[in-house]
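Scroll down for the structure; my scribbles are underneath it.
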Amino acid sequence: MTDLEGLPEGALRTVDGTTVALVAPHAGLDRLPEAVGALRGLRRVDLDGNALTGLPAGVTGLPHLETLLLYGNRLTEVPAGLDRAAALRHLSLGGNRLTSVPDTLWRLTGLRSLNLAENALTHVPEAVGRLTELRMLDLGHNRLDRVPEAVGDLPHLTDYLYLSDNGLTSVPASLGRLDRLDYLNLTDNRLTALPPEIGGMAALCELRLYNNRLEALPDTIGRLSRLRELHLAGNRLTALPGSVGDLRRLRVLDLRGNPLERLPASVGRLTDLTCLDLRATRLRELPDGLGALPRLERLDLRWTKPDRLPDWIDALRGRGCRVLL
């Protein structure tokens, strides 16, 4: 074991005499012993939060490696030979110093989760569409100015798609083909509009769009029948489409910081709504239907000054809804 000196005590996990895992997150490692590449039975390598600038060549060729976690290291390049890791299912390279990724990465067609967040990537190629087994894809906190059309060709993308904090001014219509996706995050970009095809994302439960430049929502937003949370704070919306009232499962609607001048009467049909945030809008009146929402627990009107407060405000408070003025 002297060839493995430098690893923290207990980092190697063994089953039936075979070393199957190397677990050493936040261990202060700036290098790995070359001998790690000889541990042919390794299935999981967790080295998050270290100071690694590379890996021994043998690690990427481990035949049974399923999980490789390298978040928060000092990598400037994707480890060479990674395409040889045919068994790899979960790869995290987020929080490093990557400016690009090699074509070989897109040959890992068995990947189910891929984290490339918090790097300095400026481009993701259409080849991402080869990763057809992906359930989770995180490209947030990079420098992307476009999303490849091929993202819509990921039929098993179900858990989440993070595209937050980039330089996106638009997203492709192909996102509408992701009809099994649960969570989409597009916050902190420069989006001015959404494609109408977004209404095809039939399984979406949470949609985060705050801090963009949206001036309107497409009518097709109402087709997101499973949506529970819609976050729109910090945009340029002056109105909402009437179809928003078709979001019958919506629980959270955050509209704070928009120059909203009116709300459609259809918001009165959002009978599952528990939280409505209308802070710092330009609303001069509130639809009476809000007062009849049976599950509303929080109505935030701070820094919004309607011409008059409707009588139903007291009724909401009387049944336990927290109204903030």
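The values are calculated or read from the model by the stated rules, or taken from the named source; none is laboratory data. Values in this document were obtained by computation on a predicted structure and should not be read as measured data. Counting neighbours? That spans all protein chains shown, and the Cβs are built from the backbone with ideal geometry, glycine included. Areas reflect the complete protein model, heavy atoms only, side chains present, ligands, DNA and RNA absent. Shrake-Rupley method; radii C 1.70, N 1.55, O 1.52, S 1.80 Å.
Values as computed for the structure displayed
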| item | result |
| --- | --- |
| Calculated FRET value between residue 192 and residue 109, using beta carbons and R₀ = 30 Å, to 0.05 | 0.30 |
| Accessible area of the chain divided out per residue, in Å², using a probe of 1.4 angstrom | 45 |
| Stokes-Einstein translational diffusion, region 217-324 - Kirkwood Rh over all Cα pairs, 1.002 mPa s, 20 °C, in µm²/s | 157 |
| Over region 116-275: Kirkwood hydrodynamic radius from C-alpha pairwise inverse distances, Å | 15.8 |
| Net lengthening on full extension, residue 298/residue 265 (0.36 nm per residue, minus Cα-Cα) | 10.0 nm |
| Cα extents of the chain along the three principal axes, largest first (Å) | 78, 38, 30 |
| Dipole of region 20-142 [Lys/Arg +1, Asp/Glu -1 at C-beta], most positive-end residue of 91, 62, 49 | 62 |
| Added length on full extension, which subtracts the Cα-Cα distance from 0.36 nm per residue, residue 238 to residue 57 | 59.6 nm |
| Helix-only CD estimate at 222 nm, as mean residue ellipticity for the chain, using -39500 (n - 2.57) per DSSP H run (n ≥ 4) | -500 deg cm²/dmol |
| Phi to ³J(HN,Hα) by Karplus 6.51 cos²θ - 1.76 cosθ + 1.60 over region 65-76, Hz, x for Gly, Pro | 5, 9, 10, 10, 10, 10, 5, x, 10, 10, 6, 9 |
| Region 50-121: radius of gyration over Cα atoms, expressed as a fraction of 2.2 N^0.38 Å | 0.99 |
